[in-house]
Each structure stands twice: as structure tokens, then as C-alpha cells.
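See structure below.
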């Protein structure tokens with residue numbers, strides 16, 4: 001029987017690539033999304049991957065959403081915490097809403113989602129939890145105090161939970177993407193984008209598929225000795 005993988009924010013961008021890559025490897029995949037129903041419907045029609053709508057910053061919504069996925073597809077073996085938002089601005093002008101929205105969606109969601117699946121993983125003696133962090137969680141970024149704090153927090157979350165979960169056959173890891181050629185990044189003005197690429201030693205933006213391949217590896221049986229780690233997939237832009 002195919003293992004079940006759940007990808008939050010799994011219908012667009014990096015999440016879509018992760019969902020597709022896991023499906024290609026034989027997983028039964030569910031993809032959650034927060035708001036863009038039109039895009040999610042098109043994604044499901046195109047890929048055959050079931051999509052589910054809920055807010056990952058809401059614990060009770062996560063509880064209900066995961067219960068629906070389990071009822072439809074079976075217990076979740078692989079959880080990819082990918083959903084995230086940005087609310088950029090310099091800290092001295094940042095509002096409480098900008099701070100709270102990013103912390104709740106990008107960091108608290110790791111608790112909200114992982115808490116729903118961890119007991120089942122412990123009982124079955126197998127699980128993979130993979131959190132999509134960011135290079136800016138490793139090095140910080142001007143105008144992204146909230147985002148950088150949340151993404152750094154994910155790495156701490158991974159390191160602690162990996163220690164608690166190891167003896168139950170559960171691995172917990174993070175991937176920290178650099179600049180990836182998503183719709184959002186490619187919308188940056190051409191001159192600014194050229195400057196960004198100039199800081200990446202491999203000479204290009206990453207692709208969503210670059211990150212998806214890291215997820216597929218960490219989800220595999222062959223990665224069972226790797227836990228509490230962060231894969232820095234950033235084209236040699238930054239080393240931690």
C-alpha cells in the first residue's frame with residue numbers, strides 16, 4: 001500500500017513541485033491550500049492530487065483538515081510543512097499584524113500540523129516530517145525580521161523534535177531554499193533580479209524541482225539515518 005504524504009501549501013509554487021515529485025515516487029499525496037480555490041481546482045484537475053482547504057495558522061482547522069485527509073486516504077506517513085507567507089517591512093515600521101501573521105502561518109503552523117500526525121507516526125514506528133525553511137532563516141534578511149525569525153524557528157523546531165522522535169523511526173528535517181524561480185520571485189523587477197542572481201555562485205535561480213528532489217530524498221527509506229538536519233539548497237549563496 002502506498003504511503004500517504006501531505007504537503008501544506010501544496011498546490012502552487014514549490015509546494016506544487018513537491019506534490020508532483022512525491023506522486024511520481026508512488027506516494028498517495030494530499031495538498032492543502034489556504035485561499036486560492038481556482039488554482040487548487042485547476043491543480044487537482046491537472047494532477048489528480050486531492051486538494052483540501054484550511055488555514056494552517058488555526059489549530060482546530062488543522063485538526064479537522066488532517067482528520068479529513070486521513071478518512072479519505074489513510075494515516076499520514078510524510079508531512080511536508082511548506083505553507084508560508086511574507087509581510088515584509090523594516091522592523092521599526094512593522095505592525096503587530098505583519099509580525100503575527102507571519103509567525104502564525106510560518107512557524108506556529110509547524111506545531112499545528114505536526115501535532116496532528118506525530119502520535120500516529122510514533123505508534124506505527126515510522127514517519128517523515130520535513131519543514132521548508134529558508135536561507136533567510138539561516139542568515140537573516142533586511143526587511144524580513146518576522147520571516148527570518150519564523151524560518152529560524154523552524155530549524156530549532158526540527159532539531160528538538162528530531163531528538164524526541166528518533167527512537168520511534170521518525171525523522172525530522174528542514175530544507176532551507178535560497179532564491180527559487182517561483183512566480184513571486186520572477187515578478188521582481190528585472191534589474192533587481194539580475195542583482196540577486198549575481199549573488200548566487202551557481203549563476204541561476206533555483207527551481208521548485210530542485211527543492212522537490214530534496215524532499216523526495218528526505219522522505220525515502222534511504223534517508224532514515226538523517227534527522228535534525230537542514231539541507232541548504234541555495235546554490236552556494238550561504239553556508240551555515
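The values are calculated or read from the model by the stated rules, or taken from the named source; none is laboratory data. The model shown is predicted, which means the values in this text are computed figures rather than measured ones. No Cβ is skipped: glycine too gets one built from the backbone with ideal geometry, and neighbour counts run over all protein chains shown.
Okay, here's what the table says:
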item: Residue check, residue 149 on the phi < 0 side of the Ramachandran plot, outside any helix (DSSP H, G or I) and buried (at least 17 other Cβ atoms within 10 Å of the Cβ); result: no
item: Counted residues, the range 38-69 - those being without any contact (Cβ under 8 Å) to a residue 24 or more places away in the chain, in contact with a strand residue (DSSP E or B) (Cβ under 7 Å, 6 or more places away or on another chain) and within 30 Å of residue 98 (Cβ to Cβ); result: 3
item: Test: residue 103 is in contact (Cβ under 8 Å) with a residue 24 or more places away in the chain and touching a strand residue (DSSP E or B) at 6+ places or on another chain (Cβ under 9 Å); result: no
item: Per-region count, the range 59-75, residues surrounded by fewer than 17 Cβ atoms within 10 Å (Cβ to Cβ) and either under 19 Å from the mean Cα position of the chain (by Cα) or at pLDDT below 95 (or both); result: 3
item: Count of residues meeting criterion [assigned to a helix (DSSP H, G or I), over 20 Å from residue 18 (Cβ atoms) and in contact with a helix residue (DSSP H, G or I) (Cβ under 6 Å, 6 or more places away or on another chain)] in the range 109-146; result: 3
item: Residue ranges of strands (runs of 3 or more DSSP E) in the range 1-74 with at least 1 members farther than 25 Å from residue 182 by Cβ; result: 4-7, 28-33
item: Tally, over the range 156-183, of residues that are within 22 Å of residue 235 (Cα to Cα) and surrounded by fewer than 21 Cβ atoms within 10 Å (Cβ to Cβ); result: 3
item: Conditions (1) crowded, with 23+ Cβ neighbours inside 10 Å; (2) in a loop (DSSP other than H, G, I, E, B): number failed by residue 106; result: (2)
item: Test: residue in the range 76-97 that is in a helix (DSSP H, G or I), surrounded by fewer than 23 Cβ atoms within 10 Å (Cβ to Cβ) and in contact with a helix residue (DSSP H, G or I) (Cβ under 7 Å, 6 or more places away or on another chain); result: yes
